[in-house]
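Computed from the coordinates by the stated procedures, all read-outs in this text should not be read as laboratory data. Note that the structure is predicted; figures quoted are calculated from it, not measured. Every residue, glycine among them, receives a Cβ derived from its backbone with ideal geometry; neighbour counts consider all protein chains shown.
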Amino acid sequence: MSMHVPLSRRRFLKVLAGATGALVVGVRTLHAQEVVDGVPLLLLGDDVTALGPYLRIEPDGRTIIGARDPDCGEGTRTSLPRIIAEELDADWRHVQVLQLGPDLFRRKGATLWRYGHQRSGDGTSVPSAWQDLRQAGALARWLLIEAAARASGIPASRLSAHDGAVLLPDGRRLSYGSLVRAASRLTPPRTPPPLKSPERYRLIGQPAGDVDARAMVTGTARFALDTYMAEALTAVVVHCPWTDGRLDSIDTRAALRIAGVRRILQLQPEPGQPLGSTPIAHAVAILADDTWSALRARNTVKLSWKPGASAGPSGETTEKETLALLHSQSVPTHTVRQYGDFDATARHAAHRVEATFVQPYVAHATAEPMNCVVRIEADRVEAVVPTQSPQEAFDVVQRLTGMDPSRIHIRVPRTGGGFGRRFEHDYLAEAVMLAKAVGKPVKLLWTRDQDLGHDFYRPAAIHRMQALLDRRRRIIGWNVRKASASALAGREVPADSLWQSECDPNALPAGLVPHYSAAWFELDSPLPRGPSRGGHHVVDAFATQMFIDEIARQMHRDRLQLRMELLGAPQLLPDANNGPLDTARLANVLQQAADRIGWTLRRNNGHGLGIAFHAMLGAYCAHAFEVSVHGNALRIHRAVCAVDVGRVVNPLGLHAQVTGATLDGISTALGQAIHLENGRVAETSLSDYPLARMAQLPREVEVIVVSSTEAPTGASTLAMPSAAPALASAVEAATTIHVRRLPLMPELLRKI
Amino acid sequence: MQARPDPADSADLVKVPPRKGIALSVNGQSFVHVGDPGMPLLWYLRDTLRLSGARYGCDSGLCGACTVLVNGVRTLACERSMDTLAGQSVTTVEGLAAEDGSLHPLQQAWIDEDAILCGYCQPGWLMAAADLLRRKPQPTDADIDALPNLCRCGSQPRIRRAILRAASMRRQNRHTP
């Protein structure tokens, strides 16, 4: 039995009675584009449809709520089910969370994703959930109240719901469990039931700990590597250090004699295979009964590689060449934004400031290295995939196995960090190829050296910044010329995506100064590149905020006051995709961070203060730091972060994301850089690529959350961009060093 | 109809000599490792015993995700080979709670402070913290600063609070009659 409630022309709620008498409610959203039967799923992509998450209430009262987005540490497994539970008026203590893998179904010849949005780590989980997850909860509550009305003979308007039960006017409680059989047989309303008014929220806005906390601290939580499939072989891989290189020689005799070692295979994908434009280096895979046997064989096998065309210095434009390009009259690859007349203003401006900022390639270095488990049977594929995009993982499996979509089962476990790395599925493609080759399930593990050396790196960038000021030392002109190798170059993407992954035409101070010019110069690089936490926001915010500091220094102006003057009178600036950018909300977080750190209190202990702001995805952030530098020891005494993310779903989760992104920004800025040597990545271990240790980090991040009733926004990336410039700004204030280059620690040691 | 036991089979059951190998205790249970003596403890725990709480994070002793206790002392399981473990007693995160399932004060403090984020490195931190509290029941901030583990998600401030909370819970428990 199944019924539909139309929400709009293309969206409807679905109600059906589960086999156990459970009430099942889901939200579906059909995309405008209808899909024709027989069209390969690959060609359709995940833009075609969106179907909703579901919830299930068992007659015994257990409430099972689906979490559709992966959780790589973003807290989605807690926050998304709470959004549903809120509208349902569920008793959170009796809610179980069920992870939803990608799933397809057919309706009227169309192939549709059953659960809709399934991505995490790019700030879209909560905003998407706010659009549709609340409706699933509200419809279920409506049906339960209606069932209670019929059972009691009291009109629904006199009933209310609370903590997993319907309350009657005389104080009696009818538990949801006792109502579900009747509720699931009701005809749903013609129009969607109203959502709760926010004053009635009992879960949204209240702190909630991670739903998996107990499993995590007892070691019973299962990551993909903790999957043990019968007959599975463990595979470790050694990739060619050059993405376009080849195997030169291999001697496997001694390695194959090691007990437990089963096969040594060469993975030599042709260009464009198996993942289209996603580059995958050639590799040798060692398959064994257990991890240690595979690792021993890896250390024993004799290998040599032949570099491809990218080896040698010609593969990478040098810093010197890039600087020359940015100072030349060359036409940029793309004019990102231009208004007013910067060049004409430059001729009569009272003051002119210029600076150049150099930032390196960085890796993702997730805590859990790339891995997955794949079992291919004659009529079924099962894959356990740590991924930020289960639907793309599904497509990869389908593309490589040709299996009917109904026979592909992707399990999405809790995952040890993503930060954009797990939008790429090269490791999954390798595991599928290996499982096909050996006819057994394969658990693939990339050792740390492979993970670090075969990443899709955040592009390095050089910014040349120029500013013009009038006699009263106000900024009247801004010119940014940026050079980078596009994160998306070589991919099957629209041409505009190449610059859009590097630059934002609405990046501040665009719209705030009378004369503005932003241009992008495309560089080549043999390094594979891809999405990262915050992407170009992080790189651009560093250059922008440090340049504001430089202007303030040269013009003898206060760094906070100059920023406030730049933001000016409250106004709404256009910001593509995210609604307008509200400069008043940005100024507010900036002021709050400044007030908390005590910006106006003079330090006489040698400590330096730094401040920076950034707005992205409809949210606002400012950081203020207090540091000291003694010899080569940098101490971060205080770190303040003020954010405005709209309505807060889970304050504890938000605090974790803001703290985490702040520390990620610090850690990356302090010591992380990926270098090319003859076309290959020089860093092979965490000793070459240092993550900050406890002692280097602030003991606490003082998080200030602005109370707001605006729709919620994503928070996992928000506090990354302004962290590094606030830190560098504080270092400048504590020393006489001008930070023009990241990472910071080598600069500090060089200049002290 | 029941099969009659073969007398030869039942004799085998009692005659099998103890296995030759490396005898050790893990979370209070006895095991004998009969594979490669050079196998790191991490892979013995994960692949042989399927105690997967100790995690693989690097190969160089830098990340601490594989931290366990050997005779109560902090040990990196990726660097400790089985041939050094004869007669030793290993505790993993799975053995941190009491036998009746009641959580170790650190585990409870971790939950109370919501110090999870992605969770991958947390068992290693818990074991390192257990070693710290054994050495210093009332650790200072500087003691916590010296913990060598890495957390990629930035959960360190919450980990710090959780350790201090666990230490304070212990102090209170000791003072309660």
To the nearest 0.05, the calculated FRET efficiency linking A:Ala584 and A:Ala254 through their beta-carbon distance, R0 being 51 Å, is 0.15
Can you compute the modelled spin-label distance between A:Val493 and A:Arg62, with each label point 7 Å from Cα toward Cβ, in nm? 4.3
Let me spell out the model: positive unit charges on the Cβ of Lys and Arg, negative unit charges on the Cβ of Asp and Glu, origin at the Cα centre of the protein assembly as shown. What dipole size does that give, in debye rounded to 20? 1440
Considering only A:Ala208, A:Pro194, A:Leu233, whose Cα is most displaced toward the positive end of the charge dipole of the range A:172-302, charges sitting on Cβ of Lys, Arg (+1) and Asp, Glu (-1)? A:Pro194
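Do the sum for chain A: with -39,500 (n - 2.57) for every DSSP H run of n ≥ 4, divided by all residues, what is the mean residue ellipticity at 222 nm, to the nearest 500 deg cm²/dmol? Intermediate values should be presented prior to the final figure.
Values: 19 runs with 208 residues, N = 752.
When only DSSP H runs of four or more count, the value is -8500 deg cm²/dmol.
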The range A:443-482 residues near the modelled A:Asp343 label - backbone nitrogen below 17 Å, point 7 Å along Cα→Cβ: A:466-468, A:477-482
Provide, in order from the shortest bin, the percent of all Cα-Cα pairs of the range A:591-662 in each 10 Å bin, continuing until the bin that contains the maximum pair distance. 18, 45, 27, 10, 1
P(r) tail for chain B, what percent of Cα pairs lie past 26 Å? 38
Is there a quick way to get the dipole size of the range A:373-423? I mean about its Cα centre, with the Cβ of Lys and Arg at +1 and of Asp and Glu at -1; what is the value in debye to the nearest 20? 260
Linear extension gain, A:Ala633 paired with A:Glu700, 0.36 nm per residue minus alpha-carbon span: 22.3 nm
Restricting things to Cα coordinates, could you compute the convex hull volume per residue of the range A:527-580 in Å³? 113
√(5λ) per eigenvalue of the Cα gyration tensor, the range B:118-177, largest first, Å: 22, 12, 10
Most packed first (mean Cβ within 10 Å per residue), the peptides A:247-260, A:518-531, B:152-165 order as B:152-165, A:518-531, A:247-260
Cβ neighbours within 10 Å from other chains - mean over B:27-38: 1
Can you give the alpha-carbon Rg of the range A:327-445 over 2.2 N^0.38 Å, where N counts its residues? 1.77
With r defined as the distance between the Cβ atoms of A:Thr736 and B:Lys136 and R0 fixed at 41 Å, what FRET efficiency is calculated, to the nearest 0.05? 0.55
Any residue on another chain or 5+ positions along whose placed amide H is under 5 Å from the amide H of A:Ile476 is listed here as A:Leu468, A:Leu469, A:Asp470
Over the whole of B:108-115, what's the average partner chain Cβ count within 10 Å per residue? Rounded to a whole number, please. 5
Using DSSP to define loop residues, name the GluC sites (Glu not before Pro) in the range A:633-703 whose beta-carbon has at most 16 other beta-carbon atoms within 10 Å. A:Glu700
Going 7 Å from the Cα of A:Arg106 toward and past its Cβ, which residues in the range A:384-420 have a backbone nitrogen under 19 Å from where you end up? A:395, A:398-399, A:402-409
Given a Förster distance of 41 Å, report the FRET efficiency between A:Ser707 and A:Asp289 from their Cβ-Cβ distance, rounded to the nearest 0.05. 0.10
Sorted peptide list for A:362-372, A:550-560, criterion being average Cβ within 10 angstrom, highest first: A:362-372, A:550-560
Answer in debye to the nearest 20: the dipole magnitude of the range A:428-503 about its Cα centre, from +1 Lys/Arg and -1 Asp/Glu charges placed on Cβ, is 540
With point charges of +1 on the Cβ of Lys and Arg and -1 on the Cβ of Asp and Glu, referenced to the Cα centre of the range B:21-175, which listed residue (B:Leu126, B:Leu164, B:Leu150) lies farthest in the positive direction of the dipole? B:Leu164
Label points 7 Å out from Cα along the Cβ direction at A:Ser330 and A:Ser687: separation in nm? 3.9
Find how much the distance from A:Thr191 to A:Asn605 grows on full extension, using 0.36 nm per residue of separation minus their present alpha carbon separation; answer in nm with one decimal. 142.5 nm
Using only atoms on other chains, find how many Cβ atoms lie within 10 Å of each Cβ of peptide A:655-663 and report the average. 5
Of all DSSP beta bridges with both partners in the protein assembly as shown, the antiparallel percent, nearest 5, is 80
Which of A:His463, A:His607, A:His425 comes first, and how do the rest follow, when ranked by fewest Cβ neighbours within 10 Å? A:His607, A:His463, A:His425
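So what is the relative contact order for chain A, in percent, with contacts set as C-alpha pairs under 8 Å and at least six apart? Can you show the working numbers first?
Values: 1729 pairs, mean separation 97.9, N = 752.
Rounded, it is 13 percent for chain A.
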Cross-link partners of A:Lys482 among lysines (Cα-Cα below 17 Å; sequence separation of 8 or more within a chain): A:Lys320
I'd like the per residue volume of the convex hull spanned by the Cα atoms of the protein assembly as shown, given in cubic angstrom. 217
Where labels lie 7 Å past Cα in the beta-carbon direction, separation of A:Arg200 and B:Arg174 in nm: 5.2
Of A:Ala642, A:Pro369, A:Ile551, which is farthest on the positive side of the dipole of the protein assembly as shown, counting Cα position, with +1 on Lys and Arg Cβ, -1 on Asp and Glu Cβ, and the Cα centre as origin? A:Ala642
